[in-house]
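**Student:** A single structure is presented below for examination.
The values are calculated or read from the model by the stated rules, or taken from the named source; none is laboratory data. Everything numeric here is computed off the predicted structure, so don't read it as measured data. Heads up, the Cβs are rebuilt from the backbone with ideal geometry, glycines too, and the neighbour counts pull from every protein chain shown. Please note that ligands, DNA and RNA were not included when accessible areas were found on the heavy atoms of the full protein model with its side chains. Shrake-Rupley method; radii C 1.70, N 1.55, O 1.52, S 1.80 Å.
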Amino acid sequence: MIQRLILFISLIFFFLSSAEAQDFRMYILLGYPGSGKGTFAEALKERGYKHLSTGDILREEVKKKTAIGLRYKNEIDSSSRLLPQEVIRTVVFNQLQELIEKKEKLILDGFPKTVEQAKYLDHLIESCSLGQSVRVVYIDVPLNVAFKRIEARRSCGKCGKIYNLLAAKPKITGKCDICNASLIQRACDNAESFHKRILLFNETVKHVLTYYESKKNLIKINSNKSIKDFINQANVLDETHDNI
Ligand SMILES: [Zn+2]
């Protein structure tokens, strides 16, 4: 009788833990600035994913006033160069490890940026036996389209909401729909900075794409289409996640 009870309880634990593992999913979004990573991530957020960028993680450290947060607060939006290795090792991976262990559904935006980071991330995921739940998505767009989008990008100076004067305009010109604060053009959203970011992408993330391609874990999504069709691809991808 006791043996049966033990068997029954172990079976319940087995099913509970495997159900939990199935809940975990992660999308790694890679693409040029202006490729549409943010829009794609928004669509996945609607489906219960937590959106994580290295900038967000560092902002959290600044808020908590940690030594590393204060030391690197000026690096947060420096998208034309790589974050220092110290930040990646001690902050980004620590937070990622916690979230992976909690089996949160995650979107990584623009990370990993080097093959070394990709390998370490693989190691983290595989140590939790969750490798099957990760999809790497390359959002493909012609360079001239990406640049037009970047030039038209505005963000709210107060809440950070992103607008696009071509495709996602605010209701009142120059004002945030949510908090009515003035919209600004970020210093890095200009031609000079765009070209620097593309150079950096070609020197770094291109190798990450080759790495995932060689592991047969790279899905290409074309973002040069209507927002509705583009967003629909995020929904289809997530609905067929387990069949890919
Ligand atoms: Zn706002």
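**Student:** Using only C-alpha atoms and all pairs of different ones, pull out the Kirkwood radius for the stretch 140-220 in Å with one decimal.
**Tutor:** Mean inverse Cα-Cα distance, inverted, gives 14.6 Å.
**Student:** What nm distance separates the two modelled labels at Lys65 and Glu203, each placed 7 Å from Cα along Cα→Cβ?
**Tutor:** It works out to 3.7 nm between the two label points.
**Student:** Also, quick follow-up: Would you tell me the accessible area of Leu70, worked out with a 1.4 angstrom probe on the heavy atoms of the protein chains, in Å² to the nearest 10?
**Tutor:** 90
**Student:** In vacuo Debye scattering of the chain, one point per C-alpha: log10 I(q)/I(0) at q = 0.13, 0.16, 0.18 Å⁻¹?
**Tutor:** Debye intensities relative to I(0), on a log10 scale: -0.87, -1.30, -1.60.
**Student:** Zone of Ser182 (label point 7 Å along Cα→Cβ, backbone N under 17 Å): which residues in the stretch 129-154?
**Tutor:** 154
**Student:** So what's the back-of-envelope 222 nm ellipticity for the chain, counting only DSSP H runs of four-plus at -39500 (n - 2.57) apiece and dividing by all residues, rounded to 500?
**Tutor:** So the helix-based figure for the chain works out to -14000 deg cm²/dmol.
**Student:** Additional query: Does the stretch 93-175 come out rounded, prolate or oblate by the C-alpha gyration tensor, with a ≥ b ≥ c the root eigenvalues, rounded set by a/c under 1.5 and, if not, prolate when a/b is larger than b/c and oblate if not?
**Tutor:** Cα axes put the stretch 93-175 in the prolate bin.
**Student:** OK, next. Measure up Lys119/Lys228; Lys103/Lys171; Lys73/Lys206; Lys158/Lys220; Lys65/Lys169 against 30 Å on the Cα-Cα distance and list the ones that go over.
**Tutor:** Beyond 30 Å between Cα atoms: Lys119/Lys228; Lys103/Lys171; Lys158/Lys220; Lys65/Lys169.
**Student:** What ranking, highest mean first, results for peptides 161-171, 110-120 when packing means the other Cβ atoms within 10 Å averaged over each residue?
**Tutor:** Descending packing order for the listed peptides: 110-120, 161-171.
**Student:** Just read off the accessible area of Thr39 with the full protein assembly in place, 1.4 Å probe, to the nearest 10 Å².
**Tutor:** Using a 1.4 Å probe on the heavy atoms, I get roughly 50 Å².
**Student:** Let me ask you something else. For an R0 of 22 angstrom, estimate the FRET efficiency from the Cβ-Cβ distance between Asp242 and Lys102 and round to the nearest 0.05.
**Tutor:** Once the sixth-power term is evaluated, E becomes 0.60.
**Student:** While we're here: Measure off, as a whole percent, the carbon and sulfur share of the 1.4 Å-probe accessible area of the stretch 141-244, all protein chains present.
**Tutor:** Carbon and sulfur together cover 54 percent of it.
**Student:** Considering only protein heavy atoms, what per residue accessible area in square angstrom results for the chain with a 1.4 angstrom probe?
**Tutor:** Per residue, the chain has an accessible area of 58 Å².
**Student:** Next question. Computing the accessible area with a 1.4 Å probe over protein heavy atoms, can you report the carbon and sulfur percentage for the stretch 56-133?
**Tutor:** That fraction is 46 percent.
**Student:** Taking 8 Å as the Cα distance limit and 6 or more residues as the minimum spacing, I'd like the relative contact order of the stretch 123-244 as a percentage.
**Tutor:** 31
**Student:** So how exposed is Arg71, as accessible area in Å² (1.4 Å probe, rounded to 10)?
**Tutor:** Here the residue's solvent-accessible area equals roughly 140 Å².
**Student:** If a helix is a whole DSSP H run, which ones in the chain reach 27 Å or further along their own axis (Cα) and hold a mean Kyte-Doolittle hydropathy of at least 0.5?
**Tutor:** 2-23
**Student:** Oh, and also: Only bridges with both residues in the chain count here: give the DSSP antiparallel percent, nearest 5.
**Tutor:** 30
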